[in-house]
Amino acid sequence: MRVLVVEDQSLIGKAIVKGLEEEGFAVDWVTNLGEGMHRAAEHDYDSVILDLILPDGSGSDLLTELRKKNSHTPVLILSARDSLEDKALAFSHGTDDYLTKPFEFEELLMRVKALTRRKHQHFGHSIEVGRLKLDLTARVASVDGKALPLTAKEFAVLELFLLRRTHVLSREQVCEHIYSAEVEQGSNVIDVFINKLRRKLEAAGVGELIETIRGAGYVIR
């Protein structure tokens, strides 16, 4: 899943990026409103972490712009402003959640995971398809109760397919959600990636899950 972080404080931004990437998220981090506006318009993010006080304006302007365009991308305001009035104003502008600084990363992570599931209209903590189960909180996959050894990115791909089950996803769509803007990928990287994932699924006895749709992409039905 891909997250946009709009945060001008270097220590906080670096900590968020490091923590989210260790959990398998792709993260784009920008430090000002203008770049945040540009990235939000250019990519379909699974969630946005947004500071209110930015060097070139207020994060609430980005939030307002997203909602004006009928974007349903979940937004988590992360701000030092902790008054009830500030929170009420942010929710009236369309934020989905509000967390005040200072904060514990584990709480931020839980909230981002919940918002990401909400975007895809999934409200449970796990997904099951046949013998395969994904624990979205622990980030663990299993087949018939036996752990399936996946890298963080492999888990992210399976999560994307299962959250969008029955939807055919193009290579571009898969790449959009699992890699950040800083990571350049070749045209066939997703095919290679899917083949590696299929081999692991086949070894666990569920290799038929990912179906190739010629000229369109991949799907789990």
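Here are the numbers for this structure:
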item: Candidates Ala147, Ala114, Ala152 - the one that is assigned by TED's automatic domain parsing to the domain that holds Glu21 and either at pLDDT below 95 or farther than 21 Å from Glu23 by Cβ (or both); result: Ala114
item: Filter result for Leu197 (closer than 19 Å to Val143 by Cβ, more than 13 Å from the chain's Cα centre (by Cα) and without any contact (Cβ under 8 Å) to a residue 60 or more places away in the chain); result: yes
item: Residue in the stretch 85-104 that is among the small types (Gly, Ala, Ser) and loosely packed, with under 15 Cβ neighbours inside 10 Å present; result: yes
item: Unique match (being small (Gly, Ala, Ser) and more than 21 Å from Lys113 (Cα to Cα)) among Ala156, Ala141, Ala204, Ala152; result: Ala204
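Residue-by-condition table, conditions (1) in a loop (DSSP other than H, G, I, E, B); (2) of a type in the set (D, E, K, R); (3) touching a helix residue (DSSP H, G or I) at 6+ places or on another chain (Cβ under 8 Å):
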| site | (1), (2), (3) |
| --- | --- |
| Lys18 | no, yes, no |
| Val27 | no, no, yes |
| His38 | no, no, no |
| Leu66 | no, no, yes |
| Ile77 | no, no, yes |
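One line per residue, one yes/no per condition, for (1) of a type in the set (Gly, Ala, Ser); (2) modelled with pLDDT under 95; (3) more than 18 Å from the chain's Cα centre (by Cα); (4) over 19 Å from Thr137 (Cβ atoms):
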position: Gly13; (1), (2), (3), (4): yes, no, no, yes
position: Phe25; (1), (2), (3), (4): no, yes, no, no
position: Gly36; (1), (2), (3), (4): yes, no, no, yes
position: Ala41; (1), (2), (3), (4): yes, yes, no, yes
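The values are calculated or read from the model by the stated rules, or taken from the named source; none is laboratory data. Computed from a prediction, not measured in an experiment: that's the story for all the values here. Neighbour counts are summed over all protein chains in view; Cβ atoms, including those assigned to glycine, are modelled from backbone coordinates with ideal geometry.
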